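In what follows, a structure is listed as structure tokens, so that the remarks can point back to it.
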Amino acid sequence: MGCDIHAFIEVPHYGMINSWASLPFLKRDYKLFSLLAGVRNHDNGLQPVVPPRGVPENMAWAAADLYNSDLYIWHTASWLQLHELRQVAKQYRTTEIANYPLQNHDLNAIIAAMAALDLSERGLSRLVFWFDN
């Protein structure tokens, strides 16, 4: 059975947390999942750049609604800010694992979107995510 990621880009706006993009697409990539949260790292030995934190207390309502819809299948929730995602991307590029590319274009697109949002929101955007089985 495969494992997939579910994610939201969140941006604070006037003191509230809003989802800017619900469910940005991240294809199944266990090398990336290992670096994000240590998920599916049995064979590659990779550790997460930042240990999983759980969901943030002030998660946007759209993310919270989906997360709370089925707590029995979700696991390893966490969130990362832009500078942490850039560390994940750097580690991804410098770690060679058979059958995985040296770039993840989906991750690069999310980083670009968050960088654009951070110009106007003072570096406070984050990617909130969790996994299923």
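The values are calculated or read from the model by the stated rules, or taken from the named source; none is laboratory data. Every value quoted in this text rests on a predicted model; they were computed, and no experiment measured them. Glycine gets a Cβ as well: all are built from the backbone with ideal geometry, and neighbour counts include every protein chain shown.
So which pairs qualify, if the first residue must be in the range 50-63 and without any contact (Cβ under 8 Å) to a residue 60 or more places away in the chain, the second must be surrounded by 11 or more Cβ atoms within 10 Å (Cβ to Cβ) and of a type in the set (Asp, Glu), the Cβ gap must be under 7 Å, and the two must be at least 6 apart or on different chains? These pairs meet every condition: Val50/Glu84. In the range 116-124, the condition of being surrounded by 12 or more Cβ atoms within 10 Å (Cβ to Cβ) and closer than 21 Å to Val39 by Cβ is met by no residue.
Of the residues that make up the range 25-40, is at least one loosely packed, with under 10 Cβ neighbours inside 10 Å and more than 13 Å from Phe129 (Cα to Cα)? No. Residue pairs whose Cβ atoms lie under 6 Å apart, separated by 6 or more positions or on different chains, with the first residue in the range 99-110 and under 12 Å from Pro24 (Cβ atoms) and at pLDDT 75 or above and the second of a type outside the set (D, E, K, R) and in a loop (DSSP other than H, G, I, E, B), are Asp106/Phe25; Asp106/Leu26; Ile110/Pro24.
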